[in-house]
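Encoded as structure tokens, the structure appears first; notes follow it.
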Amino acid sequence: MQNIRRSPLERTQNAIIISSLLFLVVLTIQPLLNLLALSLSDPAKVAGMNGLTLLPQGFSLEVWKLLLGNPAVQRGVLNSIFITLSSTFLGVIFTALMAWTLSRPKLPGRRIIFVMVLITIVFDPGIIPDYFLNKRLGLLDSYWSVILFKAVNAWYLIILVRFFEEIPKELVAASELDGANAFQIFWYIALPLARPALATITLFYFVFHWNEFFRAMIYLNDQSKWPLQVVLRQFVVEGDKIAMVGLGNSANYTGAGQINIRALSAGMILLTIVPILAVYPLILKFFTKGAMSGALKG
């Protein structure tokens, strides 16, 4: 097999592209490695470490034992998983149903409904009307006040509407001739063809709800319902080490009381990042698949 000869300009371009990509990889991975090094280092040596340190100084699992054994963190993880999965599931279902309906050209008032959806992007109601609405509905201090937030995101709805509009009309007409009703066409034809778009908005919803903390901080007064992001804010932003290690341990200079707040913060940040990093590879495989591959044959 003959080697392809590249011109000096092409070799230079390839070198620039590869160098740029490697530089971006380093910029992305370096902060994560620094956080991991801080969380795994000997507590006595954390104070002397800087933001460029990539390897642990010594080795200790005290930070992770303290984090994973803390009841507030355990509840925060479970609450975040419950809220994120519930919100994502409802968001994808509601968005897909509304998008399929709006993509049908025979829908009465289709343009008016679509304009009303676009208005919600420009004019946000604000936190005060939203608070009173949740209060009137009895959703204060309830998981539903967070789960139902942006159950249909206008941006994601537009993405899915445009995707559904690309489904061949002939395929829908053939399904109707075979006796399929509206729901069967949506379930067996539209959704399978829209898997790349559904994977995209699923990832968007998941990341959005996993990172959401402001709404939970306002509407959830019961600390046992706090998601991990609110717990993270308490420890990292407010620097509340006492709530993590306990009042008795914080007065000592051994064991948990010796753990540096930077190491605790690093561990908490990693704890919130890992689920997102784990979800990306599972979803990204759908992005490169063609939407209409094999839809029409013969």
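Miscellaneous remarks
- The condition (being within 30 Å of SER224 (Cβ to Cβ), touching a helix residue (DSSP H, G or I) at 6+ places or on another chain (Cβ under 9 Å) and among the small types (Gly, Ala, Ser)) is satisfied by just one residue among SER41, SER86: SER86.
- Residue that is farthest from VAL231 (Cα to Cα), among those in the range 175-201 that are open to solvent by 40 Å² or more (accessible area, probe 1.4 Å) and among the polar types (S, T, N, Q): ASN181
- Taken over the range 129-140, the criterion of being open to solvent by 50 Å² or more (accessible area, probe 1.4 Å) and not basic (Lys, Arg) is satisfied by PRO129, TYR131, PHE132, LEU133, LEU137, GLY138, LEU140.
- Residue among SER224, SER250 that is more than 28 Å from VAL92 (Cα to Cα), polar (S, T, N, Q) and either at pLDDT 85 or above or surrounded by 11 or more Cβ atoms within 10 Å (Cβ to Cβ) (or both): SER250
- Flag for PRO8 being modelled with pLDDT under 85 and out of contact with any strand residue (DSSP E or B) (no Cβ under 7 Å at 6 or more places or on another chain): yes
- Checklist (1) modelled with pLDDT of 85 or more; (2) open to solvent by less than 60 Å² (accessible area, probe 1.4 Å) applied to VAL245, failing item: (1)
- Qualifying position, being assigned to a loop (DSSP other than H, G, I, E, B) and free of Cβ contacts under 8 Å to residues at least 12 places away in the same chain, among PRO108, PRO192, PRO129: PRO108
- Checking each residue in the range 154-174 for being open to solvent by 20 Å² or more (accessible area, probe 1.4 Å) and either aliphatic (A, V, I, L, M) or in a loop (DSSP other than H, G, I, E, B) (or both) picks out ILE158, ILE159, GLU166, PRO168, LEU171, ALA173, ALA174.
The values are calculated or read from the model by the stated rules, or taken from the named source; none is laboratory data. The shown structure was predicted, so the numbers you read here are calculated from the model rather than taken from an experiment. When we count neighbours, we look across all protein chains shown, and the Cβ atoms used for this are built from the backbone with ideal geometry, even at glycine. Each accessible area value is taken on the protein alone, full model and side chains, heavy atoms only, with ligands, DNA and RNA left out. Shrake-Rupley method; radii C 1.70, N 1.55, O 1.52, S 1.80 Å.
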